[in-house]
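Worksheet: the structure to be examined is printed underneath.
Each value in this text was obtained by applying a stated rule to the coordinates, not by laboratory testing. Computed from a predicted structure; not experimentally measured. No Cβ is skipped: glycine too gets one built from the backbone with ideal geometry, and neighbour counts run over all protein chains shown.
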């Protein structure tokens with residue numbers, strides 16, 4: 001006898017009507033899972049590179065994203081846009097902390113004087129800033 005299952009449409013409808021009411025469960029779960037998440041990430045480290053390389057070799061990433069541009073745009077507009085402002089406000093302190101070293105690096109530079117538009121001297125100014133930021137990023 002075949003196993004009776006609901007339709008995918010019915011399952012999606014039930015999931016989308018019940019799950020939004022589980023926000024408190026979600027919050028409780030994520031608040032107590034940080035150390036377990038970190039342990040899992042640390043343990044997965046050795047396999048990560050090999051797995052990514054295998055996925056590239058198998059063409060899995062390309063197959064997974066092929067033809068998904070429209071979906072990406074729609075989801076970003078419908079879901080991402082309403083969350084944008086809240087996310088920016090929530091990230092204020094972290095953004096400031098992350099920008100501190102960048103601004104300090106730039107502020108510590110002495111650049112040659114500006115030259116007329118199109119002058120190679122202006123490109124040198126950009127190169128100096130870019131190199132300093134790169135060295136800051138890689139930690140040397």
Looking across the stretch 74-116 at residues that are surrounded by 10 or more Cβ atoms within 10 Å (Cβ to Cβ) and part of a loop (DSSP other than H, G, I, E, B), the single one that is nearest to the chain's Cα centre (by Cα) is 91
Those residues of the stretch 100-115 which are out of contact with any helix residue (DSSP H, G or I) (no Cβ under 7 Å at 6 or more places or on another chain) and under 15 Å from residue 130 (Cα atoms), in sequence order: 103, 104, 107, 108, 110
